[in-house]
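Written below as structure tokens is the structure these notes are about.
The values are calculated or read from the model by the stated rules, or taken from the named source; none is laboratory data. As the structure is a computational prediction, the values presented were derived from the model and not from experiment. Here the Cβ positions follow ideal geometry from the backbone for every residue, glycine too, while neighbour counts run over all protein chains shown.
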Amino acid sequence: MTGSRTARVVSPQVGALDALSRWLGSRLPNATGIHLRNVRNLPGADMSGQTILFDAVWHQVGTEHTKGMVVRVKPTQHTLHLDDLFNEHYAIIQLMHAQKHVRVAKPLWFETNSSILGAPFFVMEKIEGRVALNYPPYSNSGLLVDAGPAERRSVWESAVRQLASIQLVPVTSAAFLALPGGPTGFDQEVSRWRRFLSWVDPGSELTLLRATFKRLLAAGPSNKADGIAWGDARLGNMMIDSNFEVAAVVNWEQPSLGGALHDLGWWLQCDYNQTTRQGFSRLDGMGDRADTIALWSEVSGKSAADIEWYEAFACFKMECLALRMAALRKKSVGSGTADPGRRTAEMLNRL
């Protein structure tokens, strides 16, 4: 991760930064004169815990060293997600880095002591790159609009290959991602979102959303290919380097063993939201839905049969998350979340 997004300088937390500098001293043997430069908070990360970017500078045996680092602090209040997977967040990055199929930032350290920054945190190397932001939509402004067709094609192909490469990592290496809810990863993913629905609708008042969830499960897919799920598979969670290729896949906050197609369905739904749903044409050079499915299947070696169901499930997840975000922002259900369940129901009607 890098500070290429617009970022604000961290100034109110001088004490915490001093504590972080002292803590780094315990992780850098024989280092002296440790201090932090270019300290920034990543905007918009408040629901996922604080993200701090900085360059650590120190001296060792008379030589000055500099390393870009990123700190992710565990969210402790106003959380977007129901399940606490902070430990798993770090563990999946460790796994992906070790397996070398997927480009991720190098994980450095995990700290459980909350007294340093107010909550547990972990540290990764900082990756330089740019992001195709979701707001405003990347099909209307920013990195991809400014790029040429060949550059966009490079971004799209590299991104889909990275998405598919997650499926090259053996599921057996990620047993730490097991959740309650059933014997299979698919069952656990369904159970996770059943629990999430109860969390955002404790009074069972959202009848359409609940009825739609029942319809969704009744129409369940035959293809339940196993696989590790990233959890937030979208272009906006990839760092793009100067060669218009993916430098790092980031934000592994809600990984699971849910299955290979959950990520692909989420990716396709996110891409639809960034283009067609908002009335924007697909940028020249960017692969379309069929292109994405074909390349993903080729690289992952897995069938995308029944992907339409997974896209509908992704839409259901997004409707649930919109309710949680509205609650965190203290908005009513009708404020940007009208008729929860309607969009998913419309997708089910087309299955």
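Taking every residue in region 72-85 that is among the β-branched types (Val, Ile, Thr) and pairing it with any residue that is crowded, with 16+ Cβ neighbours inside 10 Å and modelled with pLDDT of 95 or more, at least 6 positions away or on another chain, the pairs with Cβ-Cβ distances below 8 Å are 73/120; 73/121.
Only a single item in (1) charged (D, E, K, R); (2) surrounded by 15 or more Cβ atoms within 10 Å (Cβ to Cβ); (3) free of Cβ contacts under 8 Å to residues at least 24 places away in the same chain is not met by residue 64, and it is number (2).
Candidates 326, 322: the one that is within 17 Å of the chain's Cα centre (by Cα), surrounded by 14 or more Cβ atoms within 10 Å (Cβ to Cβ) and part of a helix (DSSP H, G or I) is 322. Does residue 224 satisfy the criteria of being free of Cβ contacts under 8 Å to residues at least 60 places away in the same chain, closer than 18 Å to residue 191 by Cα and in the same structural domain as residue 177 (by TED's automatic domain parsing)? In short, yes. Selection within region 250-267: residues that are assigned to a helix (DSSP H, G or I) and either in contact (Cβ under 8 Å) with a residue 60 or more places away in the chain or among the β-branched types (Val, Ile, Thr) (or both). The member of this set that is surrounded by the most Cβ atoms within 10 Å (Cβ to Cβ) is 264. On inspection, residue 173 fails the criterion of being among the hydroxyl-bearing types (Ser, Thr, Tyr), closer than 18 Å to residue 300 by Cβ and touching an Asp or Glu at 6+ places or on another chain (Cβ under 9 Å).
Looking at residue 87, is it assigned to a helix (DSSP H, G or I), surrounded by fewer than 16 Cβ atoms within 10 Å (Cβ to Cβ) and polar (S, T, N, Q)? Answer is yes for this residue.
In region 144-155, is there at least one residue being among the polar types (S, T, N, Q), assigned to a helix (DSSP H, G or I) and more than 17 Å from the chain's Cα centre (by Cα)?
Yes, region 144-155 contains at least one residue that is among the polar types (S, T, N, Q), assigned to a helix (DSSP H, G or I) and more than 17 Å from the chain's Cα centre (by Cα).
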